[in-house]
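Trainee: Sharing a structure here in structure tokens format.
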Amino acid sequence: MRAFLRDLRNKDVDGCEARLREVQRAGELPAQAGPRARADYFATVLQGLSQRAQDGATAPRTDRGGRTGAGLAAAQR
């Protein structure tokens with residue numbers, strides 16, 4: 001079961017990367033943006049949110065964490 005779930009998560013990352021490459025070709029994502037790195041980042045955030053929820057984190061806490069992360073990313077621009 002562990003391998004099955006790992007494979008599903010990896011396929012999600014691959015699908016996200018493929019979609020990011022599509023929008024990059026369409027000019028909606030800068031040419032220098034790394035689709036794989038972004039897909040890895042999204043998977044890390046989403047899977048982390050899922051784990052936090054399983055561990056009992058409330059919606060306001062996970063929302064606050066997400067907003068904090070967005071603020072940190074914006075500050076680096």
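Rule-based calculations on the coordinates, nothing more; no lab input. All values reported here derive from a predicted model rather than from experimental measurement. Ideal geometry is used to build each Cβ from the backbone, glycine not excepted, and the neighbour counts take in all protein chains shown.
Trainee: Counting helices only, and only those DSSP H runs with n ≥ 4, report the 222 nm mean residue ellipticity of the chain as the sum of -39,500 (n - 2.57) divided by its residues, in deg cm²/dmol to the nearest 500.
Mentor: -27500 deg cm²/dmol
Trainee: A further question follows. Mind giving me the FRET efficiency for R36 and D63? R0 is 25 Å, r the Cβ-Cβ distance, nearest 0.05 is fine.
Mentor: 0.35
Trainee: When you count, for each residue, the other Cβ atoms within 10 Å and take the mean per peptide, how do 52-64, 35-47, 18-30 rank with the highest first?
Mentor: Highest mean packing first, the order is 35-47, 18-30, 52-64.
Trainee: Around L46, what is the net charge, scoring Lys/Arg as +1 and Asp/Glu as -1 over all other residues with Cβ under 10 Å from its Cβ?
Mentor: Residues near L46 contribute 0 overall.
Trainee: Hey, with R₀ at 22 Å, roughly what FRET efficiency would L49 and L8 work out to, going by the Cβ-Cβ distance, to 0.05?
Mentor: 0.85
Trainee: Further, regarding this structure: With a sphere of radius 12 Å drawn around the Cβ of Q24, what net charge do the other residues whose Cβ falls strictly inside it have (Lys, Arg +1; Asp, Glu -1)? Don't jump to the answer; show the numbers that get you there.
Mentor: On the way: positive: R19, R21, R25, R36, R38; negative: E17, E22, E28.
Summing Lys and Arg as +1 and Asp and Glu as -1 gives +2.
Trainee: Is the shape of segment 6-77 best called rounded, prolate or oblate, per the rule: a/c under 1.5 gives rounded, else a/b larger than b/c gives prolate, else oblate, with a ≥ b ≥ c the square roots of the Cα gyration tensor eigenvalues?
Mentor: It comes out oblate by the Cα gyration axes.
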